[in-house]
Amino acid sequence: MNPTTHLQLNATPNNLSQYARCVIQKVTKNGKADLPNLDVVQNNVRTTQERISAYARVCGFDHNSNLLPITYAHTLAFPLHMEMMLHESFPVTPMGLVHIRNSITQHRAIRVDETMDIRCFFANGERTRRGLEFDIKTEVRIGGNLVWEGTSTNLARVAGLGVPKKAKSNTPRPALPEFTMTERWILATDLGRRYARVSGDTNPIHLHSIPAKFFGFKGHIAHGMWSKARAAAALYKKVNSEACTISVEFKLPVFLPSKVEFNYTESDDAINFDLRDDKGQKVHMKGQITKL
């Protein structure tokens, strides 16, 4: 096993600069499924009530709370994720990566005035029929205690890397599940720009239709982590526990502007949910929130 490379960050990297580095980076790397033994650490991370309130307003959380929304620590870790994927040892280019799954476990809520230590590292790289899938793990500690952890699963579509496709099956797709509750959300065309300002994720596919079309989309799309945050804002208080896990699969992009249907069903310890198009036929995201 290769020795671990440790990167210590003393300040949060600029996200716009990171995307600029993505563009000028070599388009092809070695394309292997071997992930580097690499971790990135940033200690003494602080935020402010102003930033938390701005994020909460865009995502639907209580903007008067002095607690970080359950999804907010992901935005603090995201610049570290980018540094990992921009490292020379990472086998594929970050441009074109697809965020396909995300899981967050909060062991207790984090107060705005607390100081956090954040560590991120790679895990579980494997070839699939679609390309290279890999996880980035995040741990947030306060006073040495683990209070928040997350896993972001990404897909790199690398030519010649995926395993052979399975033969098409004639089995019909199962019917979509039925839910007891439904909400309808109207997503404005500037949602991606508003979320970028409060999250720091300035990927151009979320900002305007022209750069999104350059990367193969018919228009600009909502951030997947906005969809997850909005779902968490709708359901977190219903779980009635600071300690919980919320996991999602991102299925189809949400183009902006649009109208979507948010569905959920509550049980004793978990809430299952999905996000569909306004006709209720195509699933953009599905997931579950569970108390620990």
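The values are calculated or read from the model by the stated rules, or taken from the named source; none is laboratory data. Every value quoted in this text rests on a predicted model; they were computed, and no experiment measured them. Positions of Cβ are backbone-derived with ideal geometry, glycine not excepted, and every protein chain shown enters the neighbour counts. Please note that ligands, DNA and RNA were not included when accessible areas were found on the heavy atoms of the full protein model with its side chains. Shrake-Rupley method; radii C 1.70, N 1.55, O 1.52, S 1.80 Å.
Brief remarks on what is shown
- For LYS282, the aspartates and glutamates whose Cα comes closer than 20 Å to its Cα, not counting residues fewer than 8 places off in the same chain, are GLU178, GLU183, GLU249, GLU261, ASP274.
- Of LYS251, LYS259, LYS279, LYS137, the order by accessible heavy-atom surface (1.4 Å probe, DNA, RNA and ligands excluded), from most exposed downward, is LYS279, LYS259, LYS251, LYS137.
- For peptides 138-150, 226-238, sequence by mean Cβ density within 10 Å, most packed first: 226-238, 138-150
- Cα-based equivalent ellipsoid, segment 1-136: semi-axes from gyration tensor eigenvalues, Å: 29, 16, 15
- Flagged links, alpha-carbon separation over 19 Å, of LYS137/LYS238; LYS237/LYS279; LYS259/LYS291; LYS251/LYS279; LYS218/LYS259; LYS218/LYS251: LYS137/LYS238; LYS237/LYS279; LYS259/LYS291
- Rounded to the nearest 10 Å², the accessible area of MET181 at probe 1.4 Å: 90
- Scattering profile of segment 225-292 at q = 0.18, 0.21 Å⁻¹ [log10 I(q)/I(0), Debye over alpha-carbon scatterers]: -0.63, -0.82
- Farthest positive-ward along the chain dipole, Cα basis, beta-carbon charges - from GLN42, ASN272, PRO94: PRO94
- Burial ranking of peptide ranges 197-204, 108-115 (average Cβ count within 10 Å, highest at the top): 197-204, 108-115
- Debye intensity ratio in log₁₀ form over the Cα atoms of segment 186-251, taken at each q of 0.14, 0.30 Å⁻¹: -0.49, -1.28
- Only Cα pairs under 8 Å and 6+ residues apart enter the sum, and on that basis the relative contact order of the chain stands at 18 percent.
- Relative contact order for segment 1-158, counting Cα pairs under 8 Å that sit 6 or more residues apart, in percent: 26
- Cα Rg over Rh - the chain, Kirkwood: 0.95
- Contact order for segment 123-269, expressed relative to its length and based on alpha carbon pairs under 8 Å spaced 6+ residues apart, stands at 22 percent.
- The helix-based estimate of mean residue ellipticity at 222 nm for the chain, built from -39,500 (n - 2.57) per DSSP H run of four or more residues and divided by its residue count, is -7000 deg cm²/dmol to the nearest 500.
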